[in-house]
Amino acid sequence: MDQTQRVAAMATATASRAHQFHPARSPILDLFNLYLGRHTAHKNDDSIHEPPNKTQKRVLALRDIPPPNEQFLVDFEQLQNQFPDQDQLRSVTETIIISLVMQCSSHGPRAEFLLFAIRSLCSIGCINWDTLLPSLLASVSSAEFPVGHGSQSMPTVSASGLSQSGMLPPTTSIANSNNFQSSNPASPIPSIHPVGSPAQSAIEPLSCSALSPVKSSDVSSTGPQSKQVASIRNNDLSSLRQLCCKIILTGLEFNLKPAVYAEVFHHMLNWLVNWDQRQQGLDESDLPKSCGPDKALTAWLHSCLDVIWLLVDEGKCRVPFYELLRSSLQFIDNIPDDEALFTLILEIHRRRDMMAMNMQMLDQHLHCPTFGTQRILNQATLSISGEAVAQPRQPAITYLSVLGEPLHGEDIANSIQKGSLDWERALRCLRHAFRTTPSPDWWRRVLVLCPCFRPSQAPTPGAVFSTEMIIEATIDRIVELLRLTNSEINCWQDWLVFSDLFYFLMKNGCIDFVDFVEKLVSRLTEGDHPVLKTNHVTWLLAQIIRMELVTSTLNPDAKKIDTTRKILSVHRDERNSDPNGPQSTLLEFISSCQCLRIWSLNTTTREYVNNEQLQKGKQIDEWWKQVSKGDRMLDYMNMDDRSIGMFWVLSYTMAQPTCETVMNWLASAGIGELPPQTMGQTERLVATREVTPLPMSLLSGLSLNLCVKLSMLMEEALFVGQVIPSIAIVETYTRLLLVSPHSLFRSHFNHLVQKNSSLLSKSGVTLLLLEILNYRLLPLYRYHGKNKVLMFDVTKIMSALRGKRGDHRIFRLAENLCLNLIFSLRDFFFVRREGKGPSEFTETLNRAAVVTLAILIKTRGVADADHLHYLQSMLEQTLATSHHTWSEKTLRFFPPALREALSGRMDNRSQEIKSWQQTESTVLIQCTQLLSPSADPSYVMTYINHSFPQHRRYLCAGALTLMHGQAENINTGNLGRVLKEFSPEEVTANIYTMVDVLLHHMQVELQQGHSLQDLLSKACATIAFFVWTHELLPLDILLLALIDRDDDPHALRVVISLLDRQELQQRVKLFCITHGPHEHWLYTGVYKRVEVQKALGNHLSGKDRFPVFFDDIAARLLPVIPFIIYRLIENDAMDPADRILCMYSTLLAYHPFRFTFVRDILAYFYGHLPPKLIVRILNVLDISKIPFSESFPQQLTSPNPAVCPPLDYFATLLLGLVNNVIPPLHNNSKSGSMVDATKHNKPPAMSQSGTANSSEGQKAFHQIQDPGTYTQLVLETAVLEILSLPVSASQIVQSLVQIIVNIQPTLIQSNGGLQSGSTGQGSVLPTSPSGGSSDSLGASRSTPSNPGINTSNFASRSGYTCQQLSCLLIQACGLLLAQLPSDFHFQLYLETTRVIKENWWLTDWKRSLGEIDSAVGYALLDPTWAAQDNTSTAIGNIVALLHSFFSNLPQEWLEGAHVIIKQLQPIKSVAMLRIAFRIIGPLLPKLANAHSLFIKTLSLLLSILVDVFGKNSQPPAAVEASEVADLIDFLHHAVHYEGQGGPVQASSKPRPDVLALIGRASENLRPDIQHLLSHLKPDVNSSVYAASHPKLVQNPT
């Protein structure tokens, strides 16, 4: 109890004591007793005599006859006049009345008199209902559940309790908390609905106290007397509640305070919910056989219902009907056999269903993660390993409560019943995840530890899948792969990918191994045609057999021996189906490997090991002895398939010898001295000589246990060993991580620090790690969602080095890595991990971060709209130490929010030039001393140690001035030594100031009449002197500094000239030759190490003697060239951009994220790129490996670019998404159709044309590192096609919408009628509202089809029925449109509103309003009836398309949906109002955590409500307010949901500003509608929500 409640309780107790001693109490009590016939004068005398006989009783009865009731008021008024303080008198009177009600409720005449007296006193103002009713209800609760009854007591409900919540008081203040769903009252118990909170425990019987003549102690007695006493208590309880209801009904004739209505409502609700607790103290055998309520109970039940109906009566609207919708009344376990109560419950269910419909998106059951995007909303929670990770606010799959609220959490997942719709939806998502292998980060977010591995049993809030779901989906995938294997399809790559994921799940404790084995074996042996014909399952189990979680289950314990027997039962006598493949050898011997391993763990399993397996074990040993010849050395480059297969087998039996063999091969060339890496180096370095790195084909088949051990050994050699490792070891190590991205990934900085905290203090270790990350593992880190974390880790290194003299190589490599990391980001980011304080980035990185942020916001949107509120503060952090501004040409392409945030910044360029001019003379004097050809070398240290920092930053500018275009004019040796001794930060400042001075000199000399061409040549020669001739400055930073000055007309021309120079092109060509192919994992040659100075130049190499592995000056340009292309396009330099892309296309092939670069640049500049440049940009990709549509090249080079491609092109594009991106509806592992399995689950080889080429198998991660998964590749490729088409966004959107509007009749006509069955369908997903019905669609009368679609066998190419395919095509279209820039979104809104407005049902004026409303209702509710009336293909499909679009859209872009409302306005009919609410309404729960956007959306919905029901609006016919009661309920629920920030709880309450918004809008509504919204106002005198809101109660103004 908080302080406010304690104060209120003390005040109440004090007032009660004061009333007991008030002088008026005694005469008023006597007056009541007189009229009640309760004279007390003779009681004391009677008590000492014998009991009276019958004659005496008759005399006493005649003497105790009370006066007539009509006299009571006169007598009371006489007493009233004797006491001046009328308020005190009223309080005393109320206290006495309450006391008498408690005592006389079971006495009929006395109870009737009390009702008469209350009415009479009310007539003279001596009753205050606002104080009487709460006190009466509190006393009743105290009497029902007195203090001292332990856990069975029921606390009273007080007004102070209401102030702590919304309308509903805390659950514990009403009833036993077990009866209320405290975790989520909006979700029903599982027996009612498969989704919601876990099952609620039964209601405990309540104990009640003596109400009149029986003592409290009698209740606890046993035997027949106890049962009789309990029965008396129940009768008294019924009488008391009956009388209270009658008093309340009298009070409701007057206007009461909102808080009183709320308290009365919840007491009535509580009585109804706990109606059967009257049976406390009675045995079940004593209860009536019918178990129905008795007459007394029925009476108060009906009275209670009368009170509730009066409270929620929409004529008075004392309490919103919505309060019944979020109550637990309709979910009580034991509904009494009472028609009146049943009627109320049915009405609640009806209105809940109508309200929930407005919360849910159409085709909600089809919305499922496609893993085609990386868009996630983050909030902190715990992962499967118990560590803090980012958790999606709206997780991968969202279960819906009956109120339409999105729910997730382990308790929700565990309550879902197997076989239900939500179970199938969860399995659909998991099966798709197993097929598409999304990021391990996704698995960490949605899974939990098995109960057997969990330290605590507390539910995990972020989990959305239960362990049972994971096990079933895993087994489904195994069976699916077995069927593919049995059909002689080569799916070995699929098995490899799955085994990596399976190992990951087992290692993290997400699968209970014993339970998994039991269910797996049961599944594999069921049916007449078992699918297990090979040893793939044995191989899969052998991958995890050495895990501690598994080995613990294989001990000699008798209870676990059955698990071992079942594991061995899946062995099969493998016959080589593919004798040429190494995997066939592995599968042939894997049974022996596993048996021997299990035997070593548990010798009691000897009886299960047959001789053939022992013989094969001997063959393994013999092969090993023969090929190793004792020295454990193998030539991996000359092994045939049989040898590779046997080596794989060896990795499962003898891990240590296999590891040693691999390491021996990598060291087989021995060690040797490296040549001097830098000028003047005298110390010799010892390094491992180069050999061929192990090929991926060999690494892929090794056991994962061996790979783990091997990776650890290689890390010892790389980071701990004394000998410099060879490039082959480094390359093999990275290949190992790429081949098993789930199992072997580690965050290297944390991993190495945990190994040895001093490792990273060694420059050689840091350099090697940075090279590995920058040139090999960046896509892997992004795949795991760890690129932001890596960026912060690398920033720490730079922060420590930026002011340190001389460490240029590590610093510039870390900076280049950060540039690549910034470029890799695909969602909003902060420049500091904590989100506070100035950026630790360098000036270069700060500028790159702002540009990247612009690209992200414009091309991908912001997933969390609230992040935009932090945009200003983030920019302040980023640019805290920078005064740079971007040119107008650059800013015009920035998104509006970012452009506005940067609008007030002032450029420091003029100030920089002014500062240079002020210090120029001093700087030139110092530079003359330092840089003259005859300068004393000893002056170098004097200059470094004694010059001022403000002068040192102009050193390069001074050298530039002294050169006068002649390099021999300065001493380059001294200049180079000084720049090497500068800190990296000082060198960066020198570059930026030198660029400003250079461009300023060009402007001045141009004004003096010099030729521009001569000036450009001179400038380029000068920069070439610094960069190429003497290698004094880093080229990448210099180029970035130049393009950031694109407001100068000559800066970009200098950049173009530099990129055109032969020195740079030769350097790039040399890099491509010496570093092998860009797909480094395919390289089978021996790497040649390049000397440090040749690779990095004088400045970067410095004094560092550690050799390079992959680093090079040319490679440093990889993140720079994309920024140059952006800047050229911004400045309309299309031809130079085209030429540079062509010139450096071979270098860009090495870019780790070139696919992302192409996708983002096309989206960022959509509508501004000429077709020629678009083709050039696309050619940056390896076109042969991108799954473009077959007809895409023809569309791209169409001779008539103004003509939009045919509808068939777009339909085929959508079909490709259905087949490869949208999660399948089929459960192919249970269907007997292998045709389906091969048709739908395999990605196409090179085309999205609908049919799939299964021979390619599943793509390994290293083949699709960018974008990361095959679903992403297919989806993003479709985006590339749309963005590259030479037609407008309007034409494209019109074509897509046209396909969707008429998709059902088009499919039906093209397939010659509907298919009656679902080929291979194992899903229980219901008919989609947008899909119509197979029976009714055939009856459509006049729906046109799409003549532009050549849909011959269109449905059969997908394997779905026409109905299913139409639904999935709509989902695919919404998904595709959500990935496109906002230009497409605006066109979509315009086109969809046009279709809605032109729908013939809404424009046919011959139709009555009733017909139109019903047709629209059918289109949005009942698809079967809608199709009969020919409305679903227009309205239903459009709404389904928009909802699919919204579900895939980032929050920030949802604001654009407001265009739909504005285009539909003014809305004049209820039908159009419902369409608008149905479209936009489901966005409100999606915006629960984006308050400003929620307010804007709610305001728009209120505005269209005013359009139809405004005071000044004139609808075609009178429409009753009750016809939109569901919309009113929806508004109530939406504001409560947003106030809570999630599912509505008992304590949920609307925000004050939301109440104020609705209050202002309701002023413009008709009185009847305004009345229904009366509680959604900030007025504490009329709103139950405002009256219970602490902020509004404290500040009623």
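The values are calculated or read from the model by the stated rules, or taken from the named source; none is laboratory data. Predicted, not measured: the structure shown is a model, and the values here were computed from it. Quick reminder, even Gly has a Cβ in these numbers, built from the backbone with ideal geometry, and neighbours come from all protein chains shown. These accessible areas exclude ligands, DNA and RNA; they are computed on the full protein's heavy atoms, side chains included. Shrake-Rupley method; radii C 1.70, N 1.55, O 1.52, S 1.80 Å.
So, in the stretch 244-279, how many residues would count as being farther than 22 Å from L114 by Cα and not in a helix (DSSP H, G or I)?
Total meeting the criteria: 2.
Pick from P1199, P1206, P1224: which is open to solvent by 40 Å² or more (accessible area, probe 1.4 Å) and modelled with pLDDT of 90 or more?
Values: P1199 fails: modelled with pLDDT of 90 or more; P1224 fails: open to solvent by 40 Å² or more (accessible area, probe 1.4 Å).
Criteria check complete, one pass: P1206.
Name, by its number, the condition in (1) surrounded by fewer than 22 Cβ atoms within 10 Å (Cβ to Cβ); (2) polar (S, T, N, Q); (3) at pLDDT 90 or above that does not hold for N756.
For N756, the failing item is (3).
Among (1) outside any helix (DSSP H, G or I); (2) modelled with pLDDT of 85 or more; (3) buried (at least 23 other Cβ atoms within 10 Å of the Cβ), which single condition is V831 missing?
Exception for V831: condition (2).
Could you list all residues from the stretch 838-853 that are in a helix (DSSP H, G or I) and over 18 Å from Y1126 (Cβ atoms)? If you could, list the steps in order and put the result at the bottom.
From the stretch 838-853, those in a helix (DSSP H, G or I) are 843-853; that's our starting set.
The answer is E843, and nothing else.
Within the stretch 1068-1077, can one find any residue that is without any contact (Cβ under 8 Å) to a residue 60 or more places away in the chain, at negative phi, buried (at least 19 other Cβ atoms within 10 Å of the Cβ) and of a type outside the set (D, E, K, R)?
No.
For the stretch 1507-1516, does any single residue satisfy the condition of being in contact with a Gly (Cβ under 7 Å, 6 or more places away or on another chain) and either assigned to a loop (DSSP other than H, G, I, E, B) or surrounded by 24 or more Cβ atoms within 10 Å (Cβ to Cβ) (or both)?
Here is the first cut: in the stretch 1507-1516, the residues in contact with a Gly (Cβ under 7 Å, 6 or more places away or on another chain) are none.
Scanning the stretch 1507-1516 turns up no residue that is in contact with a Gly (Cβ under 7 Å, 6 or more places away or on another chain) and either assigned to a loop (DSSP other than H, G, I, E, B) or surrounded by 24 or more Cβ atoms within 10 Å (Cβ to Cβ) (or both).
All but one of (1) open to solvent by less than 10 Å² (accessible area, probe 1.4 Å); (2) without any contact (Cβ under 8 Å) to a residue 40 or more places away in the chain; (3) outside any helix (DSSP H, G or I) hold for Y733, so report the exception by its number.
Result: Y733 passes all but (3).
For the stretch 1169-1196, which positions are open to solvent by 10 Å² or more (accessible area, probe 1.4 Å), within 18 Å of P1381 (Cβ to Cβ) and within 33 Å of the chain's Cα centre (by Cα)?
Once the filter is applied, which keeps residues that are open to solvent by 10 Å² or more (accessible area, probe 1.4 Å), within 18 Å of P1381 (Cβ to Cβ) and within 33 Å of the chain's Cα centre (by Cα), the stretch 1169-1196 yields nothing.
Within the stretch 628-638, how many residues turn out to be touching a helix residue (DSSP H, G or I) at 6+ places or on another chain (Cβ under 7 Å) and either open to solvent by 20 Å² or more (accessible area, probe 1.4 Å) or not in a helix (DSSP H, G or I) (or both)?
3
Which of the residues that make up the stretch 1421-1455 are crowded, with 24+ Cβ neighbours inside 10 Å, at pLDDT below 80 and of a type in the set (A, V, I, L, M, F, W, C)?
Of everything in the stretch 1421-1455, those that are crowded, with 24+ Cβ neighbours inside 10 Å, at pLDDT below 80 and of a type in the set (A, V, I, L, M, F, W, C) turn out to be A1426, A1427.
Can you find, within the stretch 1557-1572, the residue that is nearest to P320 (Cα to Cα) among those that are open to solvent by 10 Å² or more (accessible area, probe 1.4 Å) and in contact with a strand residue (DSSP E or B) (Cβ under 8 Å, 6 or more places away or on another chain)?
My answer is R1566.
Is there any pair linking a residue in the stretch 439-452 that is closer than 15 Å to P369 by Cα and open to solvent by less than 30 Å² (accessible area, probe 1.4 Å) to one that is charged (D, E, K, R) and at pLDDT 85 or above, with Cβ under 9 Å and at least six apart or on different chains, and which?
From residues that are closer than 15 Å to P369 by Cα and open to solvent by less than 30 Å² (accessible area, probe 1.4 Å), the pairs are S439/R782; D441/K786.
State the number of residues belonging to the stretch 345-359 that are charged (D, E, K, R) and open to solvent by 60 Å² or more (accessible area, probe 1.4 Å).
Adding up the residues that qualify gives 2.
Looking at (1) over 28 Å from R572 (Cα atoms); (2) under 23 Å from the mean Cα position of the chain (by Cα), which is the one condition that is false for F453?
For F453, the exception is condition (2).
Restricting to the stretch 91-131, give me the number of residues that are assigned to a helix (DSSP H, G or I) and farther than 15 Å from L31 by Cβ.
So the answer is 16.
Please give the number of the condition V1004 fails out of (1) in a helix (DSSP H, G or I); (2) touching a residue at least 40 places away in the same chain (Cβ under 8 Å); (3) open to solvent by 10 Å² or more (accessible area, probe 1.4 Å); (4) not polar (S, T, N, Q).
(2)
Regarding the stretch 647-656, can at least one residue be identified that is surrounded by 14 or more Cβ atoms within 10 Å (Cβ to Cβ) and part of a loop (DSSP other than H, G, I, E, B)?
Scanning the stretch 647-656 turns up at least one residue that is surrounded by 14 or more Cβ atoms within 10 Å (Cβ to Cβ) and part of a loop (DSSP other than H, G, I, E, B).
Does N816 qualify as being modelled with pLDDT of 95 or more, more than 19 Å from G1268 (Cα to Cα) and either of a type outside the set (G, A, S) or crowded, with 19+ Cβ neighbours inside 10 Å (or both)? Can you show your working first?
Numbers: modelled with pLDDT of 95 or more: yes; more than 19 Å from G1268 (Cα to Cα): yes; either of a type outside the set (G, A, S) or crowded, with 19+ Cβ neighbours inside 10 Å (or both): yes.
Yes, satisfied.
I'd like to check which helices (runs of 4 or more DSSP H) are fully inside the stretch 854-954 and have at least 1 residues that are of a type in the set (D, E).
Once the helices (runs of 4 or more DSSP H) in the stretch 854-954 are filtered for at least 1 residues that are of a type in the set (D, E), what remains is 871-878, 888-891, 896-901, 909-931.
Return the pair list, or none, for Cβ contacts closer than 7 Å from residues in the stretch 293-309 that are at pLDDT below 90 to residues that are buried (at least 20 other Cβ atoms within 10 Å of the Cβ) and not in a helix (DSSP H, G or I), at least 6 apart or on different chains.
So the pair list comes out as L301/P293.
For the stretch 1064-1075, name all the residues that are farther than 13 Å from L1117 by Cβ and either among the β-branched types (V, I, T) or in contact with a Phe, Trp or Tyr (Cβ under 7 Å, 6 or more places away or on another chain) (or both).
Listed by number, the residues that qualify are I1073, T1074, H1075.
Filter the stretch 799-809 down to residues that are farther than 18 Å from G764 by Cβ and touching a helix residue (DSSP H, G or I) at 6+ places or on another chain (Cβ under 9 Å) and give me whichever is surrounded by the fewest Cβ atoms within 10 Å (Cβ to Cβ). First the steps, then the outcome.
Filtering the stretch 799-809 down to residues farther than 18 Å from G764 by Cβ leaves 799, 802-803, 805.
Add one more test, that the residue is touching a helix residue (DSSP H, G or I) at 6+ places or on another chain (Cβ under 9 Å), and what stays is 802-803, 805.
Numbers: R802: 20, G803: 10, R805: 13.
Top of the filtered list is G803.
Go through V1544, V1554 for me and flag whichever is open to solvent by less than 10 Å² (accessible area, probe 1.4 Å), of a type in the set (A, V, I, L, M, F, W, C) and modelled with pLDDT under 90.
Working: V1554 fails: modelled with pLDDT under 90.
Within the list V1544, V1554, the selection yields V1544.
Within the stretch 449-477, how many residues turn out to be under 20 Å from S552 (Cβ atoms), in a loop (DSSP other than H, G, I, E, B) and modelled with pLDDT of 75 or more?
Going through the stretch 449-477 one residue at a time, the tally reaches 3.
Each row is one residue, and each column tells you yes or no for (1) open to solvent by 20 Å² or more (accessible area, probe 1.4 Å); (2) farther than 26 Å from N750 by Cα; (3) in contact (Cβ under 8 Å) with a residue 60 or more places away in the chain.
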| position | (1), (2), (3) |
| --- | --- |
| L685 | no, yes, yes |
| R689 | yes, yes, no |
| L699 | no, no, no |
| L704 | no, no, yes |
| K709 | yes, no, no |
| E716 | yes, no, no |
| F719 | no, no, no |
| V723 | yes, no, no |
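Within the stretch 1573-1591, work out how many residues are part of a helix (DSSP H, G or I) and either in contact with a strand residue (DSSP E or B) (Cβ under 9 Å, 6 or more places away or on another chain) or surrounded by fewer than 24 Cβ atoms within 10 Å (Cβ to Cβ) (or both).
Residues flagged as part of a helix (DSSP H, G or I) and either in contact with a strand residue (DSSP E or B) (Cβ under 9 Å, 6 or more places away or on another chain) or surrounded by fewer than 24 Cβ atoms within 10 Å (Cβ to Cβ) (or both) within the stretch 1573-1591 amount to 2.
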